[in-house]
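Just so it is clear, none of the values below were taken in a lab; they were calculated from the coordinates. No experiment lies behind these values; they were computed from the predicted model shown. Glycine gets a Cβ as well: all are built from the backbone with ideal geometry, and neighbour counts include every protein chain shown.
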Amino acid sequence: MDFLRSLGHPEEIYNLLRFKMGGCRAVMPKRDQDSMSDSLQTCYRYLNETSRSFAAVIQALDGELRHAVCIFYLVLRALDTVEDDMTISLERKVPMLRNFHTYLYDPEWKFTESKDKHRQVLEDFPTISLEFKNLAVVYQEVIVDICTKMGKGMAEFQENKNKVDSLMELDKYCHHVAGLSAIGLSRLFSASELEDAHIGQDIHFSNSFGQFLQKIDIIRDYLEDQLAGREFWPREVWSKYAKKLSDLAKPENIVPAVQCLNELITNALNHVPDVLIYLSRLKNKGVFNFFAIIQVMAIATLAACYNNQQVFKGVVKIRKGQTVTLMMEATNMEAVKAITLQYIEEIYQKIPVTDPSSSKTQHIISSIRNLCLPNSSVVSRNQLSPIYLFCAFLLAAVGYLYLNAVSQLFKEAHTSQ
């Protein structure tokens, strides 16, 4: 199925084949399972089960930092699960959010009443808290501090009607649920001494990075949040296009719905310059790859959502072949700029002439262009000839058939034993 979705993109098929044949090790080195405790192995299993995109990049980090970031992710995932679960009453939820950081030191605390899809991190929280206490103190301090601030911010949001009225409130909410996460990651990287102290101290760019990612999730998850009774799209924006936020999902409102979508995407694009500046300051290869992969997948998702009616009908996801290609290419700053530029141009080409936000979208795209490719004309990172694409497609197809044949032989051999 992965190959079929990438049929129109031969370079993706080629990279999928490379990835399956061992190229993944260049991006995600194999962990030494034997050296890890059973509880730590369980934590990595939860990471892979609950993460959409972070699992691979986290596991590409080095040594103890990898474990610290894994536990940090799971702690925040558990906290976020409490906030997202609409079956937990407000009377129970708010105290849990405010006190969540204290549960890290309680070896017996767990919550078994959640109905959320990620409830396993709450039901088996003792395993996570055990591995938290095995981390170096310098990592523990960062995780507790961020968890405390995030829980407080989430509780305030719940108490203030669980809806977002203005773009300013959206920025505040995104700071509490994602900006703080990015700030915490930067502090962990500085604490590991893989990055300079200023990376963890200068919170503006980290916060903007986190807000960018959260806004993309909020945009993409419109329908899922509506079905769950959550509303994160700001009234200041959607009220221009509908009487109720839920009205945007009605077929007869698809034109204003897409216009509303485009305005929110334009707002998110304003974070891209900060994201690129942040990436340019990183010096450690593993840390850079961590954030670079997240950035290019985020901008690809944003481009896929722009002017796309499917946001109101289901979930918009980038292809696996696209993900693998981005992971394998985003290895340096110039590559990240080229990839960002490609997807920025993709958005530019889709801007409707009659879109109310078109001038704002064009303006921010112009700013991003200047940052990615100053004083130069726009070029694509994939200037590939038709002959090359044909050969790449043919090679990938042959390789895929070969792997299937080898796999079948192994199955037959195993069956005959």
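Here's the picture: a label point sits 7 Å out from the Cα of residue 102 along the beta-carbon direction, and within the stretch 58-92 the residues with their amide nitrogen under 17 Å of it are 79, 91-92.
Here r is the Cβ-Cβ distance between residue 371 and residue 137 and R0 is 51 Å; the resulting FRET efficiency, rounded to 0.05, is 0.85.
Report, in whole Å, the centroid distance computed from the Cα atoms of the stretch 281-299 and the stretch 118-148. What the calculation gives is 24 Å, centre to centre. A simple spin-label model places the labels of residue 41 and residue 236 5.1 nm from each other, with each point 7 Å out along Cα-to-Cβ. One equal scatterer on each Cα of the stretch 159-198, no solvent, Debye formula: the resulting log10 I(q)/I(0) at q = 0.16, 0.17 Å⁻¹ is -0.52, -0.55.
Separation of the alpha carbons by more than 29 angstrom is noted, of 250/337; 93/317; 161/240; 161/360; 161/320, for 250/337; 93/317; 161/360; 161/320.
Pop the C-beta distance of residue 64 and residue 112 into the FRET formula with R0 = 30 Å and round what comes out to the nearest 0.05. Don't jump to the answer; show the numbers that get you there.
On the way: r = 31 Å, r/R0 = 1.03.
My answer for the efficiency is 0.45.
What are the semi-axes of the equivalent ellipsoid of the stretch 245-296, taken as the square roots of 5 times the eigenvalues of the Cα gyration tensor, listed largest first and rounded to whole Å?
Numbers: eigenvalues 257, 25, 7 Å².
Equivalent ellipsoid of the stretch 245-296: 36, 11, 6 Å, largest first.
In this label model, residue 201 and residue 156 are separated by 2.6 nm, measuring between points 7 Å along each Cα→Cβ vector.
Run through every distinct alpha carbon pair of the stretch 119-218 and return the Kirkwood hydrodynamic radius in angstroms, one decimal place.
Details: mean 1/r = 0.0681 Å⁻¹.
Kirkwood radius, the stretch 119-218: 14.7 Å.
Here the extension length gained between residue 48 and residue 333 equals 99.9 nm, from 0.36 nm per residue of separation less the Cα-Cα distance.
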